[in-house]
Amino acid sequence: MLLFDQTATTGVSTHLLDLISAEEAGSLCGLLLKRVARTPDAVAYLQYDDRAQTWIEITWRDTARAVAHWQAALTREGLSPGDRVALMMRNRREWVAFDLAALGLGLVTVPLYPDDRAEAVRHILEDAGVRLLLLESVEQRARLSAIDPTLDDLKRLLILEPGEAALPEGTRAVGDWLGAALTPADHRPVDRVDNPDALATIVYTSGTTGHPKGVMLSHRNILWNAEASLKLIPARPEDRFLSFLPLSHTLERTGGCVLPIMAGCSVAFARSIPQLAEDLLQIRPTVMIAVPRIFERVHAKLLERLESESALKRRLFEKAVKIGWNRFEHSQGRASWHPGLLAAPPLDHLVGVKIRARFGGRLRVAVCGGAPLASDIARVFIALGVPLVQGYGLTETSPVISVSPLEDNIPESVGRPLPGLEYRVGDLDELIVRSPGVMSGYWKQPQSTAEVLDTEGWLKTGDQVRIQDGHFFITGRIKDILVLANGEKVAPADIEMAITVDPLFEQVLVIGEGRPFLSALVVLDPDVYTEVAKAEGLPPEPMAADADGRLEPILRDRIESRLTGFPGHATIRRVVLAACPWSIENDRMTPTMKLKRAKILADYREALTRLYVGHEH
């Protein structure tokens with residue numbers, strides 16, 4: 001069993017510009033108070049004003065006033081420290097102000113995904129015993145009408161943007177509820193948290209099976225995690241973050257909200273995912289936290305566009321990637337210089353600069369987390385000069401466990417463990433960790449807590465790991481490992497990632513538990529399929545092509561070309577076409593974009609069973 005304390009050997013510089021330490025902050029609202037005292041007139045947030053059609057800047061002093069205003073209204077509600085309050089909004093300055101206001105009063109915030117299903121919201125509100133709920137709009141309230149009895153039990157239901165229509169009974173508009181403006185003397189928020197280990201938030205994990213569990217995180221958990229993350233990837237006061245992952249996701253809340261307060265950076269709240277490309281060009285961020293899907297889609301569009309370009313432009317792109325990767329490896333100290341690198345600057349000017357411009361042209365670091373990103377895709381962006389690093393963590397660890405420093409970046413790795421984090425490798429190569437960022441447990445679920453967290457603070461991650469030269473390589477999720485009929489073990493995530501590098505495959509689910517071979521259930525990209533259908537003489541509708549038997553061999557061939565290098569038992573022998581994409585809306589994907597394997601497999605049980613008729617042994 002391997003035991004390792006990262007603190008002793010990290011070698012990472014702790015010189016961080018304008019940093020407020022976790023100890024100095026004391027609490028999350030205390031962090032804001034220290035930031036306001038240090039840089040009151042610096043820009044804290046940028047938010048788009050639809051009426052003015054422009055981006056509005058908000059200073060730290062402005063933020064403190066807003067927090068104080070929210071606190072005055074919350075105090076009138078007669079809530080007690082430890083009471084739970086929930087918020088269900090997209091990323092915006094009001095989300096941050098409400099959160100910090102509640103935390104400063106000793107309340108416990110429960111973040112909800114802004115587009116979550118009514119039934120999931122009901123479970124969380126009832127399980128956490130939420131007393132006050134803040135919604136963003138009346139449309140959101142209408143979508144929750146199916147759980148009216150639960151909403152009626154709340155002490156207060158608030159809507160930030162009520163519109164012109166009359167509000168449902170028992171619902172108040174935030175503007176009316178906040179009341180008159182505070183006097184200047186009241187513009188300073190209060191921080192009543194005197195114990196950093198006090199419960200700050202309950203974050204419900206978006207489980208792929210069953211009801212989500214409430215992860216209990218303290219002020220210390222989150223502050224420590226943000227500070228430790230900054231020791232591997234320092235932030236600068238002049239950095240500008242673009243916030244588009246939901247703040248209800250712990251990665252965005254810690255890395256894209258708390259961390260910038262600690263380092264004194266500004267944060268721009270993206271308008272929406274459909275407007276993300278435009279926001280990148282307008283905001284020109286220096287730091288971005290994203291999930292693999294963002295890079296996968298940009299990569300797929302690149303490949304799709306290259307298909308229509310001349311052979312010369314395709315060769316130019318391939319050369320830029322090859323030379324760019326060699327230059328990156330040289331800069332990392334893993335390869336020697338050679339004359340071919342002289343071609344890097346002109347190739348970068350012709351190709352790389354244009355790709356980086358899509359991200360605003362100023363990116364200093366892009367952190368990809370939440371799920372694995374295929375190394376082939378990561379290599380392309382890195383080779384073209386996008387400073388992309390991968391990280392890894394869990395909601396239960398506040399969330400970061402590891403991240404790659406820019407100067408020690410291996411695309412296949414999820415980075416080095418945070419300074420101060422201890423780890424060991426248990427049975428089945430499971431990564432087990434301990435740090436001040438580890439949760440205290442699951443809300444009202446002592447048995448579930450005991451299954452993953454022992455009395456000495458060691459947390460079972462459920463992920464298999466390989467450790468090489470201090471880097472973590474996640475090799476699979478223990479619960480997702482498929483065991484074939486011949487006893488061979490397969491990690492489906494690696495195969496799924498490799499297949500989705502092909503832009504034809506929008507989503508993939510590999511199956512084969514207890515079966516003699518692997519099969520794949522796939523969702524196709526409609527635009528790419530149209531081009532494939534024209535080239536192959538297939539019907540314009542994928543299901544029609546699948547029905548006459550001509551599509552599956554084509555899909556198998558394309559999949560096979562992506563799995564070269566995988567062992568023989570990882571071959572996909574049959575392919576089934578899914579009738580529709582899997583999404584949060586149809587409850588086949590969690591709000592963190594993870595597929596609900598059990599539900600998807602149940603949908604296609606009969607079709608998948610037919611694949612193995614006659615091959616039971």
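Miscellaneous remarks
- Some residue of the range 565-582 being under 31 Å from the mean Cα position of the chain (by Cα), in a loop (DSSP other than H, G, I, E, B), of a type in the set (S, T, N, Q) and under 30 Å from P212 (Cα atoms): no
- Contacts under 6 angstrom Cβ, first residue in the range 34-52 being on the phi < 0 side of the Ramachandran plot and surrounded by 14 or more Cβ atoms within 10 Å (Cβ to Cβ), partner of a type in the set (A, V, I, L, M) and in a helix (DSSP H, G or I), 6 or more apart: K34/A25; R35/I261; V36/A64
- Residues in the range 261-282 that are within 17 Å of I222 (Cβ to Cβ), over 17 Å from the mean Cα position of the chain (by Cα) and touching a residue at least 60 places away in the same chain (Cβ under 8 Å): 3 in all.
- Number of the exception - V523 against (1) buried (at least 17 other Cβ atoms within 10 Å of the Cβ); (2) closer than 17 Å to I511 by Cα; (3) in contact with a Lys or Arg (Cβ under 9 Å, 6 or more places away or on another chain): (3)
- If you go through the range 112-160 and keep only what is of a type in the set (D, E), more than 25 Å from the chain's Cα centre (by Cα) and at pLDDT 95 or above, you end up with just E126.
- Condition met for G340 (more than 30 Å from P492 (Cα to Cα), of a type outside the set (A, V, I, L, M, F, W, C) and either surrounded by 13 or more Cβ atoms within 10 Å (Cβ to Cβ) or touching a residue at least 24 places away in the same chain (Cβ under 8 Å) (or both)): no
- Which numbered condition F566 fails, given (1) modelled with pLDDT of 90 or more; (2) surrounded by 15 or more Cβ atoms within 10 Å (Cβ to Cβ); (3) more than 20 Å from F295 (Cα to Cα); (4) not β-branched (V, I, T): (1)
- Filter pass, L428 being within 22 Å of C257 (Cβ to Cβ) and either more than 20 Å from the chain's Cα centre (by Cα) or polar (S, T, N, Q) (or both): no
- Extreme residue, modelled with the lowest pLDDT, among residues of the range 278-312 that are more than 27 Å from L259 (Cα to Cα) and polar (S, T, N, Q): S308
- Evaluation of R334 against (1) of a type in the set (K, R); (2) in contact with a Pro (Cβ under 8 Å, 6 or more places away or on another chain); (3) without any contact (Cβ under 8 Å) to a residue 40 or more places away in the chain (one fails), failing number: (2)
- Near pairs, Cβ below 9 angstrom, 6+ apart or cross-chain, from the range 20-33 (without any contact (Cβ under 8 Å) to a residue 12 or more places away in the chain) to any residue that is in a helix (DSSP H, G or I): E23/L223; E23/E227; E24/G30; E24/L31; E24/K34
- The range 339-397: number of residues that are in a helix (DSSP H, G or I), more than 30 Å from V433 (Cα to Cα), under 26 Å from the mean Cα position of the chain (by Cα) and aliphatic (A, V, I, L, M): 4
- Restricting the range 589-617 to residues that are under 22 Å from M543 (Cα atoms), out of contact with any strand residue (DSSP E or B) (no Cβ under 7 Å at 6 or more places or on another chain) and in contact (Cβ under 8 Å) with a residue 12 or more places away in the chain, the residue that is surrounded by the fewest Cβ atoms within 10 Å (Cβ to Cβ): K599
- Single unsatisfied condition, L157 versus (1) assigned to a loop (DSSP other than H, G, I, E, B); (2) touching a strand residue (DSSP E or B) at 6+ places or on another chain (Cβ under 8 Å); (3) surrounded by 15 or more Cβ atoms within 10 Å (Cβ to Cβ): (1)
- Of the residues making up the range 161-182, those that are assigned to a loop (DSSP other than H, G, I, E, B), charged (D, E, K, R) and under 31 Å from the mean Cα position of the chain (by Cα) number 0.
- Screening M497 on (1) within 24 Å of T205 (Cα to Cα); (2) touching a strand residue (DSSP E or B) at 6+ places or on another chain (Cβ under 9 Å); (3) not in a helix (DSSP H, G or I) shows it passes everything except condition (3).
- Yes/no for S519 being assigned to a helix (DSSP H, G or I), within 19 Å of D494 (Cα to Cα), of a type in the set (S, T, N, Q) and modelled with pLDDT of 90 or more: no
- Residues in the range 110-135 that are part of a strand (DSSP E or B), of a type outside the set (A, V, I, L, M) and under 19 Å from D153 (Cβ atoms): R131 only.
- The residues listed here are L259, L232; of these, the one that is within 23 Å of P387 (Cβ to Cβ), at pLDDT 95 or above, in contact with a Pro (Cβ under 7 Å, 6 or more places away or on another chain) and among the hydrophobic types (A, V, I, L, M, F, W, C) is L232.
- Scope the range 410-432; condition in contact (Cβ under 8 Å) with a residue 60 or more places away in the chain and in a loop (DSSP other than H, G, I, E, B); matching residues: I410, E412, S413, V414, L418, P419, G420, L421, G426
- Sub-6 Å Cβ pairs linking a first residue in the range 533-561 that is within 14 Å of A579 (Cβ to Cβ) to a second residue that is of a type outside the set (A, V, I, L, M, F, W, C), at least 6 apart or interchain, are P542/Y529; A545/P539, ordered by first then second residue.
- Test set (1) crowded, with 16+ Cβ neighbours inside 10 Å; (2) touching a residue at least 24 places away in the same chain (Cβ under 8 Å) - D62 fails condition number: (2)
- When S404 is tested against (1) surrounded by fewer than 23 Cβ atoms within 10 Å (Cβ to Cβ); (2) under 30 Å from V452 (Cβ atoms); (3) small (G, A, S), only condition (1) is not met.
- Candidate set from the range 438-466 (those that are of a type in the set (G, A, S) and in contact with a helix residue (DSSP H, G or I) (Cβ under 6 Å, 6 or more places away or on another chain)); member that is surrounded by the most Cβ atoms within 10 Å (Cβ to Cβ): G441
- Note on the range 271-295: residues that are surrounded by 20 or more Cβ atoms within 10 Å (Cβ to Cβ), more than 24 Å from T500 (Cβ to Cβ) and not polar (S, T, N, Q) total 4.
- The lone exception for H69 - which of (1) part of a helix (DSSP H, G or I); (2) in contact with a Phe, Trp or Tyr (Cβ under 6 Å, 6 or more places away or on another chain) it fails: (2)
The values are calculated or read from the model by the stated rules, or taken from the named source; none is laboratory data. Fair warning: this is a prediction, and the values are worked out from it, not measured in the lab. Note that we place each Cβ from the backbone using ideal geometry, even for glycine, and neighbour counts take in every protein chain shown.
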